[in-house]
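Accompanying notes for the structure given below.
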Amino acid sequence: MEKITSFTINHLKLLPGIYVSRKDQAGNATITTFDIRMTQPNFEPVMNTAEMHTIEHLGATFLRNHETFSSRILYFGPMGCRTGFYLLLAGDYESKDIVSLVTEMFEFIRDFAGEVPGAAARDCGNYLDMNLPMANYVAKRFLDQTLYGIGEKQLVYPD
């Protein structure tokens, strides 16, 4: 069995950043999958499920209500390795095209206070597994350490 593309990326060289993971055709439409990598794989601790779950709820809510991108958002959710998230957009994009969108989203998460959208038994299958203060912290860390100074090394997968 062949390795899938995401398992061919050298995770020992991968830095936190925004990467085009793949582009697929669905009929006449292009679907771009982004790898939003928040921690350096195999070098930093992974995120806990509670803050990832909170980021997922806040990020999905932000994206699906975004003034410009809402109609192009197909999916936002966590990676199984807990080092980041996948974002799927309808359209043919490069990483640099969404830096401002991802920055806005993480600023929203960093600054969010109050009840997390969908964090209720009726709305979520694991609503108790949330940690807003850690989600705020992790979002701030990603903004400060990666997004505010993002460069080419954090926008194109390493060789």
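Laboratory data are not the source of any read-out in this text; all were calculated from the coordinates shown. Computed from a predicted model, the values in this text were never measured in an experiment. Note that we place each Cβ from the backbone using ideal geometry, even for glycine, and neighbour counts take in every protein chain shown.
A few points about this structure:
- Considering region 14-148, its Cα convex hull presents a mean projected area of 8.4 nm².
- 3J(HN,Hα) along region 43-54, derived from phi through the Karplus expression 6.51 cos²θ - 1.76 cosθ + 1.60 where θ = phi - 60°, amounts to 10, 10, x, 6, 6, 6, 5, 5, 6, 5, 4, 5 Hz, with x in place of Gly and Pro.
- The spacing between region 114-132 and region 1-47, judged by their C-alpha centroids, is 27 Å.
- For region 110-159: span of alpha carbons on each principal axis (Å, largest first): 44, 24, 13
- Where labels lie 7 Å past Cα in the beta-carbon direction, separation of E152 and A120 in nm: 5.0
- Estimated dipole of region 97-159 in Debye, rounded to 20 [Cβ of Lys and Arg +1, of Asp and Glu -1, Cα centre]: 180
- Annotation: amide H of V156 has no partner in the under-5 Å range at sequence separation 5 or more or interchain, hydrogens built in the peptide plane.
- Estimated vicinal HN-Hα couplings, Hz - region 121-132 in sequence order (Karplus 6.51, -1.76, 1.60; Gly, Pro = x): 4, 5, 9, 9, x, 8, 5, 7, 8, 9, 8, 5
- Measuring r between the beta carbons of V46 and A113 and using R0 = 22 Å, the FRET efficiency lands at 0.30.
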